[in-house]
Amino acid sequence: MHVLAVMAQQQPAQPEGETSGGVLGVFEWLGTHFIGLFNESGEQFVGLITGILPTLIVLLTFMYALTTFIGEQRVTRAVQWSARWWITRYTVMPIIAVLMLTNPMCYSFGRFLPERHKPAFYDSAVSFVHPVTTFFPYANAGELFVWLGIANGVTQLGESTVPLALRYFLVGILVIFIRGIVTEKITAFMIKRTGRTEVFADFDREFEAAKAGGR
Amino acid sequence: MSEMETHTSRAVFVKPGPGGWGRGLLLRTDGTRTKVLSVTGGGIHPVAARIAELTGAEAVDGFTTTVPDDEVVAAVINCGGTARIGVYPRKGIPTVDVYPGAPGGPLAQFITEELFVSAVGTDQVTPSTTDEAPVEDGPATARPAVPPREERPSSRDVAATVAGGGKFGQTFNSVTGVFVKFGSGVGSFVNTMLAAGRQTVDLTLKTILPFMAYVSLLLGIVTYTGVAEWMGRVLSPIASNPIGLVAISLVVALPFLSPILGPGAAIAQVIGTLMGSQIAIGALPVQYALPTLFAINGQVGCDFVPVGLALGEAKPETVAVGTPAVLVSRMITAPLAVVIAWAASFGL
């Protein structure tokens with residue numbers, strides 16, 4: 001990679017000598033660099049396919065099968081339990097949601113929360129869909145390159161990505177927790193400022209009634 | 001609404017634009033379906049306005065409110081990614097993408113020709129002259145007619161009918177029951193694994209490989225032309241100190257920028273890949289990889305707030321207060337995340 005970059009820098013200097021060959025030289029220069037561009041891109045493509053894809057495919061298969069075996073029903077109770085406390089609401093709950101339902105269906109677990117907590121849960125869950133791809137790429141397989149892009153650079157330096165992945169995952173959990181708390185406070189502030197206190201008090205009563213009725 | 005007098009069930013035909021996907025949708029209002037939902041990052045998209053005008057429906061800004069699914073004639077989206085593109089088709093709502101989107105992402109199976117059309121501009125929306133059957137209830141008819149597992153007779157019931165009653169029958173049943181259970185267990189295991197494999201290959205073909213092709217081309221161009229080196233010289237002073245990274249996170253989290261930068265995480269993915277190439281050539285120290293991951297992603301999901309809330313069955317009032325709450329919250333939490341990540345990256 002480093003060598004290639006250095007080569008790329010030297011290339012603009014080369015053509016000066018070659019173009020003296022006239023019109024044909026210009027075309028030769030164009031031809032060389034036109035195909036060179038795509039040869040380089042092709043190498044990058046092969047690198048991604050052989051480096052990332054094989055493990056990714058079997059891991060995705062395993063995890064999809066696992067989530068099917070566990071089933072959405074079985075995690076629903078865990079989610080309802082975690083919805084009750086503010087600490088678990090923005091840690092355990094979004095993590096289970098993202099791991100079990102994956103992006104974008106994970107946000108549907110917001111239905112177990114009262115209206116005033118839904119924005120904070122969404123913020124918390126959506127902020128986890130990239131840290132989760134470090135060890136569980138199936139959970140957001142359409143947006144892998146936020147993590148993989150950076151990780152690929154680290155791999156090319158010849159270093160292991162695991163320490164970075166672990167920290168990204170753990171800091172991710174801390175960040176979604178903080179995000180949940182902050183957004184919950186701001187939502188409460190917005191409710192008050194827009195004069196919707198009564199409306200949301202009604203929603204809370206509806207939610208409690210539905211919960212009592214559901215038992 | 002001013003179009004009240006035209007509130008008859010006039011049909012419009014929405015055909016795919018140049019480079020678009022799908023055969024076209026025939027849309028019309030009926031008793032309850034009277035709203036065209038515009039989920040295009042705020043405001044009513046001209047395409048949504050045009051559909052509403054021609055059908056006599058009401059155009060609604062999906063970014064500030066939610067509408068019950070059964071009142072929606074069609075959803076107009078601007079999704080170049082993989083999330084929103086599938087959410088409405090999954091609910092059985094006809095979806096009009098103003099970008100040239102095609103089935104992809106985890107919900108690709110729901111994006112069918114009956115429910116989805118893309119690359120649509122106002123020119124593609126025309127009053128329908130032919131009176132074709134209205135396009136509706138796509139997913140209901142598309143679902144296979146197999147009853148849910150709990151309504152099907154269990155293998156044990158089937159086995160019980162073989163040997164009849166009596167003591168012998170009971171023993172026979174308990175023995176065969178074990179085998180039948182084992183057999184069907186293996187069967188369902190194999191089928192689940194196969195389905196998982198199929199889902200993986202589908203996703204790989206439709207989402208991961210196209211992205212890899214595009215990322216490779218981008219990386220190939222920046223490394224071959226030397227743009228990578230040039231970018232490194234510009235970026236490394238910004239990206240290799242915590243203050244620069246906090247500044248990046250603040251910019252991407254600006255409430256008027258974050259919904260634009262969000263869709264499909266396309267921008268975060270491209271920046272991530274480019275930053276990765278900087279790490280590879282040594283322009284960016286490895287210990288800044290962690291804060292960088294948070295700095296380039298302060299806008300995550302900001303485009304998707306109303307849709308995400310609607311998936312959680314949020315009421316319109318919740319969307320009205322929740323969308324700005326999330327956007328404003330990011331102004332605080334995005335820089336904070338970078339600082340935490342920076343503090344956590346010592347010793348990498």
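Radius of gyration (Cα atoms) of the stretch A:57-103, expressed as a multiple of 2.2 N^0.38 Å: 1.24. Could you calculate the FRET efficiency of B:Val339 with B:Val178 from 1/(1 + (r/R0)^6), where r is the beta carbon distance between them and R0 is 60 Å, rounded to 0.05? Taking R0 as 60 Å, the efficiency between B:Val339 and B:Val178 is 0.50. Of all DSSP beta bridges confined to the protein assembly as shown, the antiparallel ones make up roughly 30%.
What's the local net charge at A:Phe203, with K and R +1, D and E -1, over the other residues with C-beta under 12 Å away? Net charge in that neighbourhood comes out at -3. With the cut-off at 1.5 for a/c, could you classify the stretch B:250-348 from its C-alpha gyration tensor as rounded, prolate or oblate? Note, shape of the stretch B:250-348 comes out prolate. Modelled this way, with points 7 Å down the Cα-to-C-beta line, the labels at A:Ser160 and A:Phe34 are 4.7 nm from one another.
Build a GNM of chain A with springs between Cα atoms under 10 Å apart, and of A:Gly51, A:Gly31, A:Gly195 the one that fluctuates most is A:Gly31. The equivalent ellipsoid that matches the C-alpha gyration tensor of chain A spans semi-axes of 51, 21, 15 angstrom, in descending order.
Using a ≥ b ≥ c from the Cα gyration tensor of the stretch A:31-152 (square roots of the eigenvalues), is it rounded, prolate or oblate, where a/c under 1.5 gives rounded and otherwise the larger of a/b and b/c decides, a/b for prolate?
Prolate.
Over the protein assembly as shown, all Cα pairs binned in 10 Å intervals from 0 give whole-percent P(r) values of 3, 16, 23, 24, 18, 10, 4, 1, 0, 0, 0, listed from short to long.
Calculated [222 nm] ellipticity per residue, helices only, for the protein assembly as shown: -18500 deg cm²/dmol; basis is -39500 (n - 2.57) per DSSP H run with n ≥ 4, divided by all residues, nearest 500.
Expressed as a rounded percentage, what relative contact order does the stretch A:71-214 have, with Cα pairs under 8 Å and six or more residues apart? Once divided by the residue count of the stretch A:71-214, the mean separation gives 26 percent.
Got a number for carbon plus sulfur as a percent of the protein assembly as shown's accessible area, 1.4 Å probe?
65 percent
Axis of helix A:197-214 versus longest Cα principal axis of chain A: the two differ by about 80°, to the nearest ten degrees.
Over 30 Å apart at the Cα level, from the set B:Lys15/B:Lys35; B:Lys206/B:Lys315; A:Lys185/B:Lys315; A:Lys185/A:Lys211; B:Lys181/B:Lys206, are B:Lys206/B:Lys315; B:Lys181/B:Lys206. Taking all protein chains into account, the per residue accessible area for the protein assembly as shown stands at 45 Å² (1.4 Å probe).
The values are calculated or read from the model by the stated rules, or taken from the named source; none is laboratory data. Values in this document were obtained by computation on a predicted structure and should not be read as measured data. Because the Cβ atoms are built from the backbone with ideal geometry, glycine has one as well, and the counts that use them run over all protein chains shown. We work out accessible area using only protein heavy atoms, side chains counted, and drop any ligands, DNA or RNA first. Shrake-Rupley method; radii C 1.70, N 1.55, O 1.52, S 1.80 Å.
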